[in-house]
Amino acid sequence: MPSTKEILIIGQGLAGTLLAMELRKAGKKFLITEGRLPHSASAVAAGILNPVTGKRLAKSWEANKFLKYARETYQELESLIGKSFFRETRLLRLFKDEEEQKIWKKKKDLAEYKDFLGKRYQECEFKDSLKDRHGSFEILNAATLDVQTFLMGARDLFALEGSLCEKKIEYDDISIANDIPKYSGKAYHKVIFCEGFRVGDNPWFQHIPMESSQGEIQTVMPGTPLPEGIINCGKWLRPLGNGIFQAGSTHKWNDILSAPQKEDDDEIKEGMKKILHHVPTLIRRETGIRPASKDRKPVVGFHPQKPCLGILNGLGAKGSMMGPWMARHLSDVIQGLTQIDSELDVRRYFN
Ligand SMILES: Cc1cc2nc3c(=O)[nH]c(=O)nc-3n(C[C@H](O)[C@H](O)[C@H](O)COP(=O)(O)OP(=O)(O)OC[C@H]3O[C@@H](n4cnc5c(N)ncnc54)[C@H](O)[C@@H]3O)c2cc1C
């Protein structure tokens with residue numbers, strides 16, 4: 001039997017933080033470590049929870065279930081941390097063309113879309129500020145998470161409670177004997193890896209086929225008043241207040257460690273030109289790497305040969321929406337309350 005019930009979590013991005021919060025709620029002891037390494041996705045993420053995406057206006061996988069649990073979790077965590085970081089947000093989606101209008105018409109009366117497709121606006125309703133010549137519609141039940149405020153608030157709480165270690169963990173410092181993991185000589189019940197795209201360096205999970213993508217996000221100032229909320233037409237603008245917006249984002253699968261390139265800036269500018277009458281003033285450019293698995297599903301569970309080692313990864317471009325439910329699921333599995341969902345199970349990538 002392990003000599004300790006303490007769980008070591010590696011990485012305090014969205015995945016690690018949400019898992020730590022679930023374990024804390026369940027009364028489990030943990031230590032969470034964060035090395036503040038470059039390219040973290042959570043350090044730049046816009047935190048948009050959008051249930052309907054893409055040209056086909058596709059409803060996100062399990063959107064109702066994930067959104068419901070995300071909303072409850074973030075609201076609970078706001079009370080716990082004493083900071084405001086979650087907001088229900090109007091999301092205005094501009095039609096790109098007539099084809100999209102047809103898709104919207106087909107989907108708007110389907111039962112599975114009733115919670116998500118809202119009011120339709122006629123062509124040029126917002127023409128003073130937006131290029132909405134094909135009209136627009138509202139996506140319901142969208143929200144935003146201020147990821148960085150949430151993570152900083154959680155970090156302060158973990159530090160206060162003595163459950164934070166601000167250090168990069170070297171894999172060589174972890175040893176396993178009789179299914180008991182030790183880090184720097186101390187035994188833990190389990191080690192859970194939440195290191196985002198850096199799972200590629202992890203000796204126990206590095207063979208998981210990841211297709212992580214670099215994304216650029218910009219802070220911009222359009223300089224003219226815009227309709228309330230997020231505006232999306234492929235690329236998007238998210239209001240931060242005082243006339244400042246985030247604009248994004250790009251997806252790049254090659255050369256993901258590179259600095260922001262001119263073509264990424266050009267891509268966002270082109271996207272902005274499809275939404276606004278002018279290109280907004282650029283204030284800042286940032287990039288991060290979204291950790292995505294080959295099948296685009298999260299990767300959750302335990303190493304088949306070394307069950308003291310676990311993983312929560314693969315949140316891709318939807319960490320804010322899916323993260324809370326995934327963290328709860330893994331916490332329930334750790335407590336023996338449920339079995340790991342086979343669609344998410346990391347064992348799909350073994351053998
Ligand atoms: C430009 C961009 C925009 C995005 N916008 C959205 C959005 O609008 N909505 C949304 O839902 N999602 C968005 N995402 C995706 C979202 O950010 C990710 O799904 C989520 O942040 C992944 O969290 P993570 O904790 O798995 O990984 P990360 O955020 O990368 O965190 C991993 C952490 O582990 C730490 N770490 C790694 N190795 C070690 C080690 N050995 N020791 C100690 N610490 C270690 C790293 O320093 C890092 O902090 C966006 C991502 C990008 C890049």
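Here, each number is a calculation from the coordinates, and none is a lab measurement. Quantities reported herein were computed from a predicted structural model and do not represent experimental measurements. Positions of Cβ are generated from backbone atoms using ideal geometry, with glycine treated the same way; all protein chains shown enter the neighbour counts.
Observations on the model:
- Global geometry of segment 1-66, whether rounded, prolate or oblate, following the gyration tensor of its Cα atoms and the 1.5 cut on a/c: oblate
- Beta bridge orientation in the chain: antiparallel %, DSSP, nearest 5: 75 percent
- Placing unit charges on the Cβ atoms only, positive for Lys and Arg and negative for Asp and Glu, gives segment 88-162 a dipole magnitude near 380 debye about its Cα centre.
- Judged by the gyration tensor of its Cα atoms, with axes a ≥ b ≥ c, segment 12-169 is prolate; a/c meets the 1.5 cut and a/b is the larger of a/b and b/c.
- Pairs spanning more than 27 Å between alpha-carbon atoms, out of 55/127; 168/262; 108/262; 5/306: 168/262; 108/262.
- In the chain, Cα pairs under 8 Å separated by at least six residues give a relative contact order of 24 percent.
- Whole-Å distance, taken between Cα centres, linking segment 263-338 and segment 171-206: 22 Å
- Taking the fewest neighbouring Cβ atoms within 10 Å as the starting point, the ordered list for 195, 166 is 166, 195.
- Modelled label positions at residue 253 and residue 103, each set 7 Å beyond Cα in the direction of Cβ, lie 1.9 nm from each other.
- Taking amide H as placed 1.01 Å from N in the peptide plane, residue 29 has its amide H under 5 Å from the amide H of 7, each at least 5 places away in sequence or on another chain.
- For segment 258-351, the set of chymotrypsin sites (Phe, Trp or Tyr not before Pro) satisfying both a DSSP loop assignment and a count of at most 16 other C-beta atoms within 10 Å is given as 350.
- Here the sum of -39500 (n - 2.57) over DSSP H runs of 4 or more residues, divided by the residues of the chain, equals -8000 deg cm²/dmol at 222 nm, to the nearest 500.
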